[in-house]
Amino acid sequence: MSYRIHSFEEYQSVYKNSVENPEQFWADIAKQFHWYKPWESVLEWEFKTPSVAWFKGGKTNITYNCLDRHLKTRGDEVAILWEPNNPENDAIRLTYQQLYEEVCRTANALKSLGIGKGDRVCFYMPMVPELAIAVLACARIGAIHSIVFAGFSAQSLADRINDSACKAVICSDFNARGNKNIPVKKVVDEAIAIGCPSIEKVLVLQHTGDPVTWNAETDIWWHDIVPNQPATCEPTEMDAEDMLFILYTSGSTGKPKGVVHTVGGYMVYAGYTFENVFQYNEGDIYWCTADVGWITGHSYIIYGPLLNGATSLMFEGVPTFPDAGRFWEICEKHKVNIFYTAPTAIRALMAAGDQWTENHDLSSLRVLGSVGEPINAEAWHWYDEKIGKCRCPIVDTWWQTETGGILISPLAGLTPLKPTFATLPLPGVQPCLVDASGNEIEGNDVEGMLCMKFPWPGIIRTTYDDHQRCKQTYFATFENKYFTGDGARRDSDGYYRIIGRVDDVINVSGHRIGTAEVENAINEHPLVVESAVVGFPHEIKGQGIYAYVILDGMVPDEPTFKKELLATVTRIIGPIAKPDEIQIVSGLPKTRSGKIMRRILRKIAEGDTSSLGDTSTLLNPEVVVEIKDGAKR
Ligand code: WT7
């Protein structure tokens, strides 16, 4: 594409221009996509309501841009290269032509189920080609996808289905992960049993073939309705600001919220950032190890790569099956050129030992990426030395579910790197640091809360069915700014280093978990009176979950109670939210107004009790001594 940046100097001039003439800048990029009808205005925005519209009045379909547009030029090239969980099974290659046909068939099947423009469709699926196919099928007919990571509980699934009143769920029978087959259809059945009145149909992909219970009223096998459909389906013309998808994410308060992205801006942003950050070249094999259940999979397994006509490798399994060399075996087998993963995976594989990296030919690798949490120096250097053999740039990409695509990152091979720094904003991105009273901190060598002062095309438009919440969470903290929830440092070169969340959100293995959500789940246990959850540094996960719980009376058997508590959290949220440490306490440190002093609890969980500060103003200072003495770390 001609929006490709080729040097650091070019980046600097493009950046300057993008800030001075943002509308012209993004219009020039957007023009390189296919539009049925051009937009009437490039950008209308204000951050008070907030109200942001990119390419208003423009009509497009993202799947036309991901598929149809490539058929003449690269119809026979591989769009999706699927590597199964079990390395003894064959990989699957879907060319652009084949993917196009599969998407059309599935789109027709969805239509036959009565699904159309604006309907919400929930996904609870393994990492199989049909997931990408069905996601694109929704986008083709204007249905809004809401993908739920298949590790969430039935309760979490039901909450998400109900929040956006999804009409259908698409799932598999079982998911194959490592040496386990996980009953996914069963979880969907349980969610529906909890109560999902909006669900009319459950489309089930037979994947492992293990037996499932069947509800003839709602359930339909994929193989009964998809393969016999016609292989063409006209894309529905979508307004640039029509919803493309909802993706639920956790915050510091209440239930997860449905982040909404719209068709036009998201498309332009995912396409532009994919090519430039990874410096993708025609013919490259690109592999992002994320799950499509998270935003990384949406933007950088499906949409970003396909918009650029790339080959996107999709891996069903886990990094440690059959052994800790699996990632590197796959890189060798498929001659991967661009590899994008999370620090938690790097740390886990680093801990497994260097021997797993040594017997694989990694010479095809050209670019490495990192995403999801701050990457520590040790992991950065291991990645650089053992995987990149000191010849592959590492792009540490900072972004969020709400940003749609990468905002701060090096451009691979162009931006001079500094380990642990996400470095510089992408063109069109205007970050700033703000102090506690909301004043922008100018100059370099400073630290503050990371905000954005100007919209980019991929910015969140609303939180589903609750615009107030969107305003409250992101646009009300600081006037006229989008607040990220992260703290950051800007060094003497103007480079950004992300420090981590400044709100009550824990980043566990690159996954966002709200402390309030975990507390609510813990409080469901009949013996629990009150709880407080904080994060603490964890060697592999980045952050672990530390729970302080007050019980109703004595606990007969502590290990049994703790097991039950973990089961409760698993049942309500899912295994990813299980506390790593549970400390039973008789009270929680509170201010005179009854607020839990999380700062103190965080310090104790970190094992740093030397600087708890003045505790004498607490309502119950004596409890601090008790908590310190009983600390698990
Ligand atoms: C939060 C967003 C972005 C897709 C995956 C996570 C943290 C993300 C980085 C990075 C430091 C990072 C931030 C952010 N984060 N990438 N490169 N360096 N921190 O998406 O679940 O929406 O979480 O992840 O704290 O706010 P998410």
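The values are calculated or read from the model by the stated rules, or taken from the named source; none is laboratory data. These numbers come from a predicted model, not from an experiment. Glycine gets a Cβ as well: all are built from the backbone with ideal geometry, and neighbour counts include every protein chain shown.
Numerical summary
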item	result
Residues satisfying the stated conditions in segment 235-276, i.e. within 16 Å of the ligand (Cβ to nearest atom), of a type in the set (Val, Ile, Thr) and touching a Pro at 6+ places or on another chain (Cβ under 9 Å)	249
Residue in segment 435-452 that is closer than 22 Å to residue 270 by Cα and either more than 16 Å from the ligand (Cβ to nearest atom) or more than 22 Å from the chain's Cα centre (by Cα) (or both) present	no
Odd one out for residue 375 among (1) within 16 Å of the ligand (Cβ to nearest atom); (2) under 24 Å from residue 90 (Cβ atoms); (3) touching a Pro at 6+ places or on another chain (Cβ under 6 Å)	(2)
Members of segment 595-615 that are without any contact (Cβ under 8 Å) to a residue 60 or more places away in the chain and either in contact with a His (Cβ under 6 Å, 6 or more places away or on another chain) or assigned to a loop (DSSP other than H, G, I, E, B) (or both)	595, 597, 608, 609, 610, 611, 612, 613, 614, 615
Qualifying residue in segment 404-415 (condition: farther than 18 Å from residue 5 by Cα and either within 9 Å of the ligand (Cβ to nearest atom) or at pLDDT 95 or above (or both))	yes
Number of positions in segment 321-344 that are within 16 Å of the ligand (Cβ to nearest atom) and free of Cβ contacts under 8 Å to residues at least 60 places away in the same chain	2
Whichever residue in segment 277-307 is more than 16 Å from the ligand (Cβ to nearest atom) and part of a helix (DSSP H, G or I) and, among such residues, is surrounded by the fewest Cβ atoms within 10 Å (Cβ to Cβ)	307
Restricting segment 47-94 to residues that are among the aromatic types (Phe, Trp, Tyr) and touching a Phe, Trp or Tyr at 6+ places or on another chain (Cβ under 6 Å), the residue that is nearest to residue 457 (Cα to Cα)	55
Any hit, segment 349-372, residues being of a type in the set (Val, Ile, Thr), near the ligand (Cβ under 9 Å from one of its atoms) and assigned to a helix (DSSP H, G or I)	no
Lone unmet requirement of (1) surrounded by fewer than 19 Cβ atoms within 10 Å (Cβ to Cβ); (2) near the ligand (Cβ under 9 Å from one of its atoms); (3) not charged (D, E, K, R) for residue 507	(1)
Segment 288-311 residues that are more than 16 Å from residue 134 (Cα to Cα), paired with ones that are within 9 Å of the ligand (Cβ to nearest atom) and in a loop (DSSP other than H, G, I, E, B) (beta carbon under 6 Å, 6 or more apart)	296/290
Positions within segment 219-244 being under 30 Å from the mean Cα position of the chain (by Cα) and among the polar types (S, T, N, Q), in sequence order	236
Tally, over segment 459-490, of residues that are surrounded by fewer than 18 Cβ atoms within 10 Å (Cβ to Cβ) and either within 15 Å of the ligand (Cβ to nearest atom) or modelled with pLDDT under 95 (or both)	3
Whichever residue in segment 239-270 is within 16 Å of residue 573 (Cβ to Cβ) and at pLDDT 95 or above and, among such residues, is surrounded by the most Cβ atoms within 10 Å (Cβ to Cβ)	257
Odd one out for residue 458 among (1) out of contact with any Cys (no Cβ under 9 Å at 6 or more places or on another chain); (2) without any contact (Cβ under 8 Å) to a residue 60 or more places away in the chain; (3) small (Gly, Ala, Ser)	(2)
All positions within segment 382-391 that are of a type outside the set (Asp, Glu) and within 16 Å of the ligand (Cβ to nearest atom)	383
Failed item, numbered, when residue 495 is tested on (1) of a type in the set (Ser, Thr, Tyr); (2) free of Cβ contacts under 8 Å to residues at least 24 places away in the same chain; (3) in contact with a Lys or Arg (Cβ under 7 Å, 6 or more places away or on another chain)	(2)
Breaking point among (1) part of a strand (DSSP E or B); (2) more than 14 Å from the ligand (Cβ to nearest atom), for residue 499	(2)
Counted residues, segment 595-633 - those being modelled with pLDDT under 90 and among the β-branched types (Val, Ile, Thr)	3
Total residues in segment 616-633, condition of a type in the set (Gly, Ala, Ser) and either in contact with a His (Cβ under 9 Å, 6 or more places away or on another chain) or within 25 Å of residue 538 (Cβ to Cβ) (or both)	2
Conditions (1) within 19 Å of residue 576 (Cβ to Cβ); (2) in contact with an Asp or Glu (Cβ under 9 Å, 6 or more places away or on another chain); (3) surrounded by 24 or more Cβ atoms within 10 Å (Cβ to Cβ); number of the one not met by residue 148	(2)
Candidate set from segment 192-231 (those that are assigned to a helix (DSSP H, G or I) and in contact (Cβ under 8 Å) with a residue 40 or more places away in the chain); member that is farthest from residue 163 (Cα to Cα)	225
Filter result for residue 398 (modelled with pLDDT of 95 or more and more than 16 Å from the ligand (Cβ to nearest atom))	no
